[in-house]
Amino acid sequence: MSQNLLLLDTHVWIWAINKEIDKLSVTALNAIAKAESSRTLAISAISVWEVGMLDAKGRITCTPDCPTWVDQALSFPGLTLID
């Protein structure tokens, strides 16, 4: 796998997928857009687990449900799931 991946932290992934771009800096948005277009955007498998735990504990609400949210979030263009 490429050494030039942009690995999103869990909260950034959640914000990006939920279109809460006001929580991200212009620099972050530009980096995400660049990584998306070059297909070097990545999310760690542990972030999927973290989203599930946050949803289970009521800290976030995945709509319509957590498995569907994760499936949709992992289909984000240019995103790669890594171990």
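A short reminder: the numbers here are calculations on the coordinates, not readings from a lab. Computed from a prediction, not measured in an experiment: that's the story for all the values here. Positions of Cβ are generated from backbone atoms using ideal geometry, with glycine treated the same way; all protein chains shown enter the neighbour counts.
Of the residues making up region 33-50, those that are among the hydrophobic types (A, V, I, L, M, F, W, C) and either in contact with a helix residue (DSSP H, G or I) (Cβ under 6 Å, 6 or more places away or on another chain) or on the phi > 0 side of the Ramachandran plot (or both) number 3. Among the residues here, Thr80 qualifies as surrounded by 11 or more Cβ atoms within 10 Å (Cβ to Cβ) and under 11 Å from the mean Cα position of the chain (by Cα). Taking every residue in region 49-68 that is β-branched (Val, Ile, Thr) and pairing it with any residue that is assigned to a helix (DSSP H, G or I), at least 6 positions away or on another chain, the pairs with Cβ-Cβ distances below 7 Å are Val51/Thr10; Val51/Ile14; Val51/Cys66; Val51/Val70; Ile60/Ile14; Ile60/Leu54; Thr61/Asp55; Thr63/Trp69. Specify the residue that is farthest from Asp9 (Cα to Cα); the eligible residues are those in region 62-83 that are in a loop (DSSP other than H, G, I, E, B) and touching a helix residue (DSSP H, G or I) at 6+ places or on another chain (Cβ under 7 Å). Among them, the one singled out is Thr63.
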